[in-house]
1. Select from region 259-304 the residues that are open to solvent by less than 10 Å² (accessible area, probe 1.4 Å), outside any loop (DSSP other than H, G, I, E, B) and away from the ligand (no atom under 14 Å from the Cβ) and list them in ascending order.
2. Taking only region 234-253 into account, find how many residues are crowded, with 16+ Cβ neighbours inside 10 Å and free of Cβ contacts under 8 Å to residues at least 24 places away in the same chain.
Amino acid sequence: MSVLPRKWDIFCTVVDNFGDIGVCWRLARQLVAEHGLEVRLWVDDLASFARIQPEIDPAQDEQSCAGVHIRLWRDSFSAVQPAEIVIETFACHLPPSYVEAMRAIRPVWVNLEYLSAEDWVEGCHQLPSPQPGLQKYWYFPGFTERTGGVLGEAAMRAARAAWTPADRVAWLKQYADIDAGALVISLFAYENSALATLLAQWELMDRPIHVLLPEGRLLPQARAALELPDLQAGQTVRRKALSVTCLPMLPQEDYDRLLWSCDINFVRGEDSFVRAQWAELPFVWHIYPQDDEVHHVKLEAFMDRYCADLDAISAQALRDFWRAWNRGEGADVVWPAFFSALPVLKKHVENWANRLAVNGDLAGNLVKFVLSKVE
Ligand code: TRH
C-alpha cells in the first residue's frame, strides 16, 4: 500500500489582486491542519499576502504561519531540495533550477488550475502532461464529481453551521451601526459602471439597505456615485434608505464571517466566489474579466449548472441580474425581480452547498489523487 508523502511544496505567483494567494493560502493551511502535512508555500508577493493575512511580514524571506513554512519566491531562486509532492498553481512556471533538481527525485508534480464550470474541464481533469524526465498532471477544481471539487475546510463548514443570528449581530456591530430590519449586502467587485444607478435604486427601497463595501477597486466609483471623494474604511454614509459603510481589508477568516452575516454577497474572481457558496446565502458573481471576453462563456457555464434545478422565474431573475452586473449596465432595472427571488435563492444555495459537499473538498480530493500516483 502506498504511503502519502508528507513534504509538499506549493508555488504561487500573484498575477494580480488576491485570488491567487487567497486560494494557495487556504490550500496550504488545510493540508497542514486536516492532513498533517509539512507544507512549504513559495510566494512571489508577500505584500499582497499580508493584506489577507496580517501576521505575514513582507520583510521576512522565511517565516511560518498557521504551521505553514512560507518562503519568498525570488527571481534568483537558490537551489533547494524539492519536496516529495510539488503543486504548481495556475501554471505559474516553476524555477528551472528547481525542475532540474526534481529530475533526481521524481516527485508527484501537479498543476492546479483555475476553477471553471465549463464541460471540458471533466475531460482534462487528472490528465498527464509529460515533461522531460518527469510526469506532471493537470488538476482541475470544479462543480461535479468528475472534477477536483472546490476548497472547503471541515473547520470552516462546522463554524458556518454553528454561526447564529446573535453571532451575526455581534460580529457586524464591530464594523457598522445597522438597523435591525435592514437588508445587509457585502459588495466586493471589480470596477463596475452599473454601480451608480444600482445605489440610486437602493436609495428608493421601502426597506433599509446597508451596504458593506470592502475598500478596493470599486471604491472610486462608490465615492463618485455618493459624491464623497474622501470616503474611506471605517466611514458610513447615509442616503435615504441606503447606508454604505466602507470596510478595511479583513483577514481572510474574518471575510468568511462577513459573508455568513449578510443577506446578499457580491463576490468576484475565484476564492470569494466559492466562499459565498459555502456561506449559503444569495450571491452575485462578478467574474474576472478577460481580454478575449471568454469570461462571458464561463459565466454562462456556471449559471447553467447553478440554475439547472431552479424554477424558471427565479432562474431568469438571477441570470438577468448577474448578466447586468457583469455587463456593467442595467442592474438597477432588473434589481426588483432579483430582490423578489431572494427567499427562493436562499433555499437554493443551501441545497447547492450540500451537493458541493458530496463531491468532497479540493484539498482532500487532491491528497487522494496524489496518493494514487505515488510509486
Ligand atoms: O482578488 P480577486 O479578484 O482574485 C483573483 C485574481 O484577480 C486572479 O488573478 C484571478 O485569476 C482570480 O481572481 C480568478 O478575487 P478572489 O479570487 O475572490 O480573491 C479575493 C481574496 O481576498 C479571497 O481569498 C478573499 C480575500 N479577502 C480577504 O481576505 N479580506 C477581504 O476583506 C476581502 C474583501 C477579500
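1. Matches in region 259-304: ILE264, MET303.
2. Matching residues across region 234-253 total 1.
The values are calculated or read from the model by the stated rules, or taken from the named source; none is laboratory data. Nothing here was measured: the structure is a model prediction, and the numbers come from that model. All Cβ positions, even for glycine, are placed from backbone atoms using ideal geometry, and neighbour counts span all protein chains on display. We work out accessible area using only protein heavy atoms, side chains counted, and drop any ligands, DNA or RNA first. Shrake-Rupley method; radii C 1.70, N 1.55, O 1.52, S 1.80 Å.
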